[in-house]
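Participant: Right, I'll just put the structure down here and ask away after.
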Amino acid sequence: IKKKIIINLTEDWFFISHFLSRAIDAEKAGYDIYVSCNETTNRKFIESNKIKFIPLSIDRKSINPFYEFYTLLKYCYIFYKINPDIVHNVGTKPIIYGSIAAKLINVKSVINAPIGMGFVFSSSNIKAKVLKKILLFLLRITLNHHHGGEKKNRVIFENSDDMNFFIKKKFVNKSETRLIRGAGVEIDYEFFKRQQNKPVTISLVARMLKDKGIYEFVDAVRILRKRNLDCRFLLIGDIDSKNPTSLKSNILKQWHEEKIIEWLGWVKDVKTILLDTDILCLPSYREGLPKSLLEGAAVGLPLVTTNTVGCREVVIDGLNGYLVPVKDPINLA
């Protein structure tokens with residue numbers, strides 16, 4: 001009988017971009033793989049890779065206690081029905097609910113992966129501060145305290161800042177933590193950057209979120225426009241209506257029409273964009289470990305990013321790029 005792994009996250013597109021290759025390797029190694037998350041348009045593609053898909057409606061923005069309790073019950077039902085050997089929770093809500101459900105159903109082993117930490121950990125508004133205290137309390141009792149029926153548990157971090165923070169706070173046992181720096185990218189030397197474009201092209205590849213530093217990027221572009229520099233500035237990525245910091249499409253379209261930047265939206269093949277890029281920029285407020293910077297580094301681009309959690313794991317200031325302060329469009333320019 002094959003052992004079963006269920007990967008719990010919030011979005012099917014995120015699973016494809018960050019966890020699909022790992023799931024395929026686990027399937028080839030002899031495991032039955034399940035994934036539970038919101039379903040958009042990717043179910044058939046996921047299932048074509050011999051991965052069983054379980055639609056699970058989970059609202060990233062919700063703080064309604066009744067809805068959240070119902071979500072916990074759904075996790076319990078899924079685990080009871082599948083009886084997995086390993087539960088792999090990715091992101092804050094799946095960690096909290098998945099760990100509690102695994103404890104109740106007596107799952108053998110649990111892997112938790114707190115990645116990014118998102119709006120609550122990067123925002124300074126009052127709502128975010130209150131939610132951060134609540135989430136830290138819940139993470140304290142779920143992140144490392146469920147050891148599974150076989151007492152095997154791991155907490156995987158994407159950057160050393162987050163790992164050291166949770167160890168210092170005694171949320172996790174150091175012996176059970178692992179540092180795996182992001183999903184990684186495949187290096188293809190055919191796509192290695194060799195020529196400079198004319199005009200010089202600066203690109204930002206990310207979801208169109210305030211927390212990704214989109215406003216600071218545009219403010220920096222305005223500064224550079226006044227200097228009459230011959231440059232192109234590209235925004236590549238879609239809005240994320242389920243994220244509280246998502247930009248509105250009409251704002252992005254307005255910037256595009258005013259020719260401040262060019263908004264290309266979601267692009268399937270990012271490598272082709274990177275070949276038309278000379279400098280890759282990500283002025284994010286906070287990251288787990290940004291895949292876009294890894295992709296830029298993989299094709300030999302200089303990187304400009306913020307000196308913050310996650311981003312500074314990729315860039316050595318002055319060597320393969322530059323680090324600038326968070327929310328500082330002047331230094332960014």
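The values are calculated or read from the model by the stated rules, or taken from the named source; none is laboratory data. Since the model is a prediction, treat every value here as computed from it, not as a measurement. Please note: Cβ atoms are built from the backbone with ideal geometry, for glycine as well, and neighbour counts cover all protein chains shown. We work out accessible area using only protein heavy atoms, side chains counted, and drop any ligands, DNA or RNA first. Shrake-Rupley method; radii C 1.70, N 1.55, O 1.52, S 1.80 Å.
Participant: What number of residues within the stretch 1-47 satisfy the criterion of being closer than 17 Å to G98 by Cβ and β-branched (V, I, T)?
Facilitator: Number of matching residues: 6.
Participant: Select from the stretch 294-310 the residues that are outside any loop (DSSP other than H, G, I, E, B) and modelled with pLDDT of 95 or more and list them in ascending order.
Facilitator: The answer is L303, V304, T305, T306.
Participant: Condition first: more than 13 Å from K271 (Cβ to Cβ) and open to solvent by 40 Å² or more (accessible area, probe 1.4 Å). Now tell me which residues in the stretch 284-296 satisfy that.
Facilitator: R286
Participant: Ok, one more. Name every residue in the stretch 208-238 that is in a loop (DSSP other than H, G, I, E, B), within 25 Å of the chain's Cα centre (by Cα) and either hydroxyl-bearing (S, T, Y) or surrounded by fewer than 18 Cβ atoms within 10 Å (Cβ to Cβ) (or both), in order of residue number.
Facilitator: Correct list: D238 only.
Participant: Another one. Quick one: would you say S246 is closer than 28 Å to G91 by Cα, open to solvent by 20 Å² or more (accessible area, probe 1.4 Å) and touching a strand residue (DSSP E or B) at 6+ places or on another chain (Cβ under 6 Å)?
Facilitator: Considered against the rule, which asks whether it is closer than 28 Å to G91 by Cα, open to solvent by 20 Å² or more (accessible area, probe 1.4 Å) and touching a strand residue (DSSP E or B) at 6+ places or on another chain (Cβ under 6 Å), S246 comes out as yes.
Participant: Please work out if Y189 is at pLDDT below 90, surrounded by fewer than 18 Cβ atoms within 10 Å (Cβ to Cβ) and either of a type outside the set (D, E) or in contact with a strand residue (DSSP E or B) (Cβ under 8 Å, 6 or more places away or on another chain) (or both).
Facilitator: On the way: at pLDDT below 90: yes; surrounded by fewer than 18 Cβ atoms within 10 Å (Cβ to Cβ): yes; either of a type outside the set (D, E) or in contact with a strand residue (DSSP E or B) (Cβ under 8 Å, 6 or more places away or on another chain) (or both): yes.
Considered against the rule, which asks whether it is at pLDDT below 90, surrounded by fewer than 18 Cβ atoms within 10 Å (Cβ to Cβ) and either of a type outside the set (D, E) or in contact with a strand residue (DSSP E or B) (Cβ under 8 Å, 6 or more places away or on another chain) (or both), Y189 comes out as yes.
Conditions tested, residue by residue: (1) open to solvent by less than 10 Å² (accessible area, probe 1.4 Å); (2) assigned to a helix (DSSP H, G or I); (3) of a type outside the set (S, T, Y).
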residue	(1), (2), (3)
T41	no, no, no
I46	yes, yes, yes
I54	no, no, yes
R60	no, no, yes
F69	no, yes, yes
K74	no, yes, yes
Y77	no, yes, no
H88	no, no, yes
K93	no, yes, yes
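Participant: Right, something else. Within the stretch 16-39, how many residues turn out to be open to solvent by less than 40 Å² (accessible area, probe 1.4 Å), closer than 27 Å to L72 by Cβ and not in a helix (DSSP H, G or I)?
Facilitator: Final tally of qualifying residues: 8.
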